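Read the structure below first, then the notes.
The values are calculated or read from the model by the stated rules, or taken from the named source; none is laboratory data. Not measured: the values here are computed from a predicted model. So basically every Cβ, Gly included, is an ideal-geometry build from the backbone, and we count neighbours across all protein chains shown. In case anyone asks, the SASA skips ligands and DNA or RNA and just uses the protein heavy atoms, side chains included. Shrake-Rupley method; radii C 1.70, N 1.55, O 1.52, S 1.80 Å.
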Amino acid sequence: MYFFLRDLTPTQQVGALFVIVFGLLLLASVTTFALSIREYADEARAESRRQELKSATGVLRTSWMMALVVAADRKLTV
């Protein structure tokens, strides 16, 4: 894998980085969504899970915004 990435041009390396970053963000978003639809019988545990997911959703939203800003900036400078 290292040699494959090393043989890519700098533009291709940046493209691969964006694909990896957006792919991981998409995977994290789908996972968070899947966890959010799960129901718990214990109300205390359900409330705890809701708070954790609210925090994770905030982090994901911020990460998406940062990635989109960087991608837009990269597109403007090319």
>> Quick check for me: using +1 on Lys/Arg Cβ and -1 on Asp/Glu Cβ, what's the dipole size of the chain about its Cα centre, in debye to the nearest 20?
In response: 200
> Relative to the longest principal Cα axis of the chain, at what angle does helix 10-36 sit, 0 to 90 degrees, rounded to 10?
Replying inline: 10
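For the chain, report the % of Cα-Cα distances exceeding 14 Å. Show your work: numbers first, answer last.
Details: 2138 of 3003 pairs.
Pairs farther apart than 14 Å: 71 percent.
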> So how tilted is helix 43-77 from the main axis of the chain? Cα-based, degrees 0 to 90, rounded to 10.
Replying inline: 20
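Using the heavy atoms of the protein chains and a 1.4 angstrom probe, tell me the accessible area per residue for the chain in square angstrom. Display every interim value, and only then the final one.
Working: 6500 Å² over 78 residues.
Here the residues of the chain average 83 Å² of exposed surface.
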> To the nearest 10 Å², what's residue 3's accessible area with a 1.4 Å probe?
Replying inline: 140
> Taking the chain as a Gaussian network, Cα atoms linked when under 10 Å apart, which of 49, 61, 38 shows the biggest mean-square fluctuation?
Replying inline: 38
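On the accessible surface of the chain, probed at 1.4 Å, how many percent belong to carbon and sulfur atoms? Intermediate values should be presented prior to the final figure.
Working: 4400 of 6500 Å².
Carbon-and-sulfur percentage of accessible area, whole number: 68.
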